[in-house]
Every structure is written in C-alpha cells, then in structure tokens.
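First up is the structure itself, then whatever we jot down about it.
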Amino acid sequence: MTITRWDPFREVVALQNRVNSLFREMNEADNPLTTASFVPAVDVYEDAKKVVLKLEVPGMDEKDLDIRVENNTLTVKGERKFEKDEKEENFHRIERRYGSFYRAFTLPSTVDTGNVQANYNAGVLKLELSKKAEAQPKQIKVNVGGQSKVEDKKEERELVGAR
C-alpha cells in the first residue's frame, strides 16, 4: 500500500483544468473571430428630467445598431463585423471582440417611452429617455405676506454681492 500525501488544492486544480478545457473547446469553433459575442460597457445615470445610457460600441456603423422600446424594456442589439479584407494569418494578436451583442434594460414607469433620442459619436451610443411631466420635480413657492421666500432670498443674495 502506498501512502499518498493529502493536498487540499488537488481537487481545485482538477476542477480548474476541466473548466479551462471547456472554454478552450468553445473557442476552437469553426471561426472564433466572428462567432464570439461581446457585451459593450454601459453607463446609466439620471437627473430630474431624463435617464441617460451611454454604451461603448467603437468600430460600428449606426446602421448596425438596433434600438427598440417595448413594454417598458429598452433593447439595444448590434453586430461588430470582422474586416474580411485583412488576411487572418498576418495577425499576431486579436483582442477586440467581434460578433453580435444584445442588451436589455427595464425602464422605470417615470420614463416617457415615446420620447427617446439616440446619438452616436466617437464610438459611444448615447440614449436619452425623457421623464414624464408628472414625474419631474416641481418647486413650490412659499408666500409670506404676499411675497415669496424664494424671491426674498434672491434679493438678499443680490444685495450681498453688491457690497
């Protein structure tokens, strides 16, 4: 009987090797350069009047982008194609992703889905979704003695700046 030393990481290394082989098999398809998909990075922010999304999709034409709003869901689809006029055997490294992508965003009920603007500039797709009028904040003036507090503070600031 042989004595085998116990290695707590042996099973972890074996699992890692199996997962690596699965990924290697997926990447060794017929044409991995054009079948691999990618997910563009996106920034989402909002202010009082709109929700803005910025997607990074460099190297794409605007005709290759498909933007739709349906049932309070914004979908952005597209495809970045590999340039076929370059000879593949001359490449030393290919790190950019090619293929199709699909992103879906659930919109809040405060967004007016009928008022969406899309701009594409320098590889960035900017989508501006206006909020509904009833969802935008409103400032309420407080009247004291026939004159509002907001106006009084404005006059005080003007006087302070004049000193």
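The values are calculated or read from the model by the stated rules, or taken from the named source; none is laboratory data. Quick caveat: nothing in here was measured; it's all calculated off a predicted structure. Just so you know, the surface numbers come from the protein's heavy atoms only, side chains and all, with ligands and any DNA or RNA stripped out. Shrake-Rupley method; radii C 1.70, N 1.55, O 1.52, S 1.80 Å.
Laid out as a table, the results:
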| item | result |
| --- | --- |
| Accessible-area order (highest first, 1.4 angstrom probe) of the listed residues Y98, Y120 | Y120, Y98 |
| Rounded accessible area of I140 (nearest 10 Å², 1.4 Å probe) | 140 |
| Accessible surface of L22 - all protein chains present, 1.4 Å probe, nearest 10 Å² | 110 |
| Under 5 Å, built H, 5+ apart or other chain: amide partners of K50 | K131 |
| Euclidean distance between Cα centres, region 39-102 to region 1-24, Å | 38 |
| Accessible area of V52 in the full protein assembly, 1.4 Å probe (Å², nearest 10) | 0 |
